[in-house]
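The values are calculated or read from the model by the stated rules, or taken from the named source; none is laboratory data. No experiment lies behind these values; they were computed from the predicted model shown. Heads up, the Cβs are rebuilt from the backbone with ideal geometry, glycines too, and the neighbour counts pull from every protein chain shown.
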Amino acid sequence: MTTALLDLTYSQRFDCAICPTRCDGRSKSEYVFEDDVAASEEAEGWLAEHLWMALDVDVYTAPARRHGLPDLALVRGDRVLARVEVKAQGRAFMAVERLLPDADLRPHETVALNLSDIRRYAAQYREDQIPTYLIWRVRRPCLGEGYWGQHIDALIEIGNHYRETRTWRRASTESDYVDGEHRGVTVNYHFSLRELLPLETLLVHMQTILNAAPDVYEA
């Protein structure tokens, strides 16, 4: 798994005609919830091991009984030092420039998060002040693959600047339903990879925050 920098400059380095996530303004007709979950779990597993080795912390998955927490808790002893939400995204928001003209986003560099999730994580962070990070695994033919993320403070600042200009609600499809329950995400907030940090740079930031963490958090 590579963590190298992605080249965010769009160029014709492959045949766009065979790309499954073409940036041509045509959206997918199906959003298969189970496929999205599998991709996110794969990214979560890889990242948990990488954070454990790179930051010398224990990494725990948020237990089901505490639903609503970010995916991972970074722990030393009985202290929760930080929390990390992990997302995996391959397909691009192909029509972003047409549908969100004031968002300052290009399709190939755009990532998304469930709007209700980011609001919940922001509220939790304001309440307990435990550093919270959001990290995306991005896998696209025109960019390659890498992990990019940011502290929630920076994402809140971006949200305050762009507000509703980066929010998009898509129509539901049959593939959003699992056993009769709507599970797919239909309202997203969007960010640019230009606003995020590549994983190796983010790890330096995280290590600084962890080393300064006071002895006040409980696992």
Qualifying positions in the range 161-219 - β-branched (V, I, T) and modelled with pLDDT of 90 or more: T165, T167, T201, V204, T208, I209
Failed item, numbered, when R98 is tested on (1) surrounded by 21 or more Cβ atoms within 10 Å (Cβ to Cβ); (2) more than 17 Å from G149 (Cβ to Cβ); (3) basic (K, R): (1)
Residues that are small (G, A, S), assigned to a helix (DSSP H, G or I), under 15 Å from P70 (Cβ atoms) and within 15 Å of the chain's Cα centre (by Cα), drawn from the range 116-162: S116, A122
Members of the range 110-122 that are surrounded by fewer than 19 Cβ atoms within 10 Å (Cβ to Cβ) and either at pLDDT 95 or above or in contact with a helix residue (DSSP H, G or I) (Cβ under 8 Å, 6 or more places away or on another chain) (or both): A122
Pick from the range 101-115, criterion closer than 20 Å to V86 by Cα and assigned to a helix (DSSP H, G or I), ranking: farthest from the chain's Cα centre (by Cα): H108
Answer residue from the range 89-100, given it is of a type in the set (A, V, I, L, M) and part of a helix (DSSP H, G or I) and is nearest to the chain's Cα centre (by Cα) among those: V96
